[in-house]
Amino acid sequence: MPIDFPQPMKSSQNDEAGYNAVHKRVLDLTGIDLDSYKRPQMLRRLDAIISRRQLNGLAQLASELKPGSELLQEFMERFTINVSECFRDKPRFEILANQIIPEALKRTQRVRLWSAGCSYGAEPYSISLIFQELHTAGCTITATDIDPKILAAARAGESFTANDLKNLPANLASKYFTHLPNGNYRVSDSLKPAITFKQHNLLSPPPDSNFDIVVCRNVTIYFTEEAKDRVTQYLVNALKPGGILFIGETETIHRPNRFGLSLRSTSFYERAA
Ligand SMILES: C[S@@+](CC[C@H](N)C(=O)[O-])C[C@H]1O[C@@H](n2cnc3c(N)ncnc32)[C@H](O)[C@@H]1O
């Protein structure tokens, strides 16, 4: 009997036809357009799946991506990098809590805030906590993400780890989080009513408008420059005149005046009134 030696894996880097096949399949199955994401990073993620599953390159990956399959689930998990934590980049959250939100509360009794790319909820729950600590019920938070599985985890609010809570003062951690027998932490129900979780792709027009504050952090780092600009324009369109856009610590908006924005302080931009 002939020996069935494993074939060398095709290099994904130059496999344009294979990439196009994956691109089309993912678009058909999920509505996600891979062309909006940086190609080298995307190929690294696809290669990791190919190697773990011992597939023979991108074309085979494309043909095996099927609705409801484990492979599609794995693709989504690797595609959506869900890393987050409460009060991520604490100094900026202090500015949000002590300057931006109190100023917004002077202009309106009910602050409308959008947490775009909210992952498992650490970001919107942190913001809901700020409003509770300010003793105001005056906020509605729309929290969106492209990944339905991570949104289910966000709604449940039970998958927080000790790392998620490391930026919280001990008294607030014990007030708003309960340690579970499995080692995770559950967020207090009191932080939930302010938040509505929804699935939304940031590469499509905003789910709502007239927000006082839009928080979109550590999401567009994976996008091409063109896609980043498109998303920035959508985020600005969702803001009220004078509203604030809050981005991640490693991100900047180049020539913000293109979008009618001006820099307020690091990570905070204001839409022209
Ligand atoms: C690294 S997490 C950032 C979470 C949080 N904003 C933070 O800074 O801690 C990035 C999130 O963006 C989501 N995401 C990626 N592409 C997206 C898109 N096109 N539309 C909406 N969300 C997207 C991912 O599912 C993931 O949950």
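The values are calculated or read from the model by the stated rules, or taken from the named source; none is laboratory data. Owing to the predicted nature of the structure, the values given are computational and were not obtained by experimental measurement. So basically every Cβ, Gly included, is an ideal-geometry build from the backbone, and we count neighbours across all protein chains shown. Accessible surface is based on the protein model in full, side chains and every heavy atom, while ligands, DNA and RNA are left aside. Shrake-Rupley method; radii C 1.70, N 1.55, O 1.52, S 1.80 Å.
In segment 58-68, which residues are in contact with a helix residue (DSSP H, G or I) (Cβ under 9 Å, 6 or more places away or on another chain) and either surrounded by fewer than 19 Cβ atoms within 10 Å (Cβ to Cβ) or assigned by TED's automatic domain parsing to the domain that holds Asp145 (or both)?
From segment 58-68, those in contact with a helix residue (DSSP H, G or I) (Cβ under 9 Å, 6 or more places away or on another chain) are 58-67; that's our starting set.
Within segment 58-68, Ala59, Gln60, Ser63, Glu64, Lys66, Pro67 meet the criteria.
Which one is least open to solvent (accessible area, probe 1.4 Å) among residues in segment 136-157 that are away from the ligand (no atom under 12 Å from the Cβ) and polar (S, T, N, Q)? Before the answer, list the steps.
Initial filter on segment 136-157 (away from the ligand (no atom under 12 Å from the Cβ)): 136-142, 152, 155-157.
If we keep only those that are polar (S, T, N, Q) too, we end up with 136, 140, 142.
Details: Thr136: 36, Thr140: 51, Thr142: 18 Å².
So, considering only residues that are away from the ligand (no atom under 12 Å from the Cβ) and polar (S, T, N, Q), the one least open to solvent (accessible area, probe 1.4 Å) is Thr142.
Based on this model, can you work out whether Glu103 counts as farther than 21 Å from Asp208 by Cβ and among the acidic types (Asp, Glu)? Full working, then the answer.
Working: farther than 21 Å from Asp208 by Cβ: yes; among the acidic types (Asp, Glu): yes.
It is true that Glu103 is farther than 21 Å from Asp208 by Cβ and among the acidic types (Asp, Glu).
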Inset, instruction - Mind counting the residues in segment 215-264 that are more than 27 Å from Arg107 (Cβ to Cβ) and aliphatic (A, V, I, L, M)? - result: 2
Inset, instruction - Report, by residue number, each residue of segment 22-41 that is touching a residue at least 24 places away in the same chain (Cβ under 8 Å) and open to solvent by less than 40 Å² (accessible area, probe 1.4 Å). - result: Val22, Val26, Ile32, Ser36, Tyr37
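Residues in segment 26-39: is at least one at pLDDT below 95, in contact with a Pro (Cβ under 8 Å, 6 or more places away or on another chain) and not in a loop (DSSP other than H, G, I, E, B)?
Restricting attention to segment 26-39, the residues satisfying the condition of being at pLDDT below 95 are 26-39.
Those still in the list that are in contact with a Pro (Cβ under 8 Å, 6 or more places away or on another chain) too: 29.
Okay, now just the ones that are also not in a loop (DSSP other than H, G, I, E, B), so 29.
Yes; the residues of segment 26-39 include at least one that is at pLDDT below 95, in contact with a Pro (Cβ under 8 Å, 6 or more places away or on another chain) and not in a loop (DSSP other than H, G, I, E, B).
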Legend entry - Subset of segment 120-135 that is open to solvent by 10 Å² or more (accessible area, probe 1.4 Å) and under 17 Å from Leu202 (Cα atoms) - its residue that is farthest from the ligand (Cβ to nearest atom): Tyr120
Inset, instruction - Confirm whether Leu113 is under 20 Å from Lys198 (Cβ atoms), open to solvent by less than 10 Å² (accessible area, probe 1.4 Å), touching a residue at least 40 places away in the same chain (Cβ under 8 Å) and away from the ligand (no atom under 12 Å from the Cβ). - result: yes
